[in-house]
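Below you'll find the structure, written out as structure tokens, and then a few comments.
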Amino acid sequence: MKKKKEAHIETQAEMLIRTFGGVPKLAAALRVRPTTLYRWKYPSTRGGTDGLVPCQYWPHILAAADNIGITLSYDHFLPIFLPSAMKALKK
């Protein structure tokens, strides 16, 4: 019997990283080390932000997106599911 694969809910950080074409491209646009972005994807138990992008980066991400022709607004930073809700959905 095949094990059913769980649906993955894309986090805020994953969505923004994907929109920019990956960690290296977003890190270069923000002039930060890639490890900063990877930390956004880690759970808080590992020193991460549970998939949430710290709000101090929001204006910089919007400016970087505008500079390279990506359409983003502050609406893209509002998480559909908070980490606690995501955990409940996995049960």
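The values are calculated or read from the model by the stated rules, or taken from the named source; none is laboratory data. Bear in mind the structure is a predicted one, so any value in this text is a computation, not a measurement. Note: ideal-geometry Cβ built from the backbone for every residue, glycine included; neighbour counts use all protein chains shown.
Is there a residue being among the aliphatic types (A, V, I, L, M), surrounded by 11 or more Cβ atoms within 10 Å (Cβ to Cβ) and at pLDDT below 95 anywhere in segment 18-26?
No; the residues of segment 18-26 include none that is among the aliphatic types (A, V, I, L, M), surrounded by 11 or more Cβ atoms within 10 Å (Cβ to Cβ) and at pLDDT below 95.
May I ask you to list the residues in segment 27-42 that are more than 20 Å from Ile68 (Cβ to Cβ) and in contact (Cβ under 8 Å) with a residue 12 or more places away in the chain?
Listed by number, the residues that qualify are Tyr38, Lys41.
Are there any pairs, at least 6 apart or on different chains, whose C-beta atoms fall under 8 Å, with the first in segment 50-68 and under 12 Å from Leu30 (Cα atoms) and without any contact (Cβ under 8 Å) to a residue 60 or more places away in the chain and the second β-branched (Val, Ile, Thr) and part of a helix (DSSP H, G or I), and if so, which?
Note: pairs meeting the criteria are Ala65/Thr19.
Out of the residues in segment 28-75 that are surrounded by 14 or more Cβ atoms within 10 Å (Cβ to Cβ) and among the charged types (D, E, K, R), state the one that is nearest to the chain's Cα centre (by Cα).
Across segment 28-75, the extreme among qualifying residues is Lys41.
Could you check Arg31 against (1) under 18 Å from Tyr74 (Cα atoms); (2) out of contact with any helix residue (DSSP H, G or I) (no Cβ under 7 Å at 6 or more places or on another chain); (3) not hydrophobic (A, V, I, L, M, F, W, C) and say which number it fails?
Answer for Arg31: the failing condition is (1).
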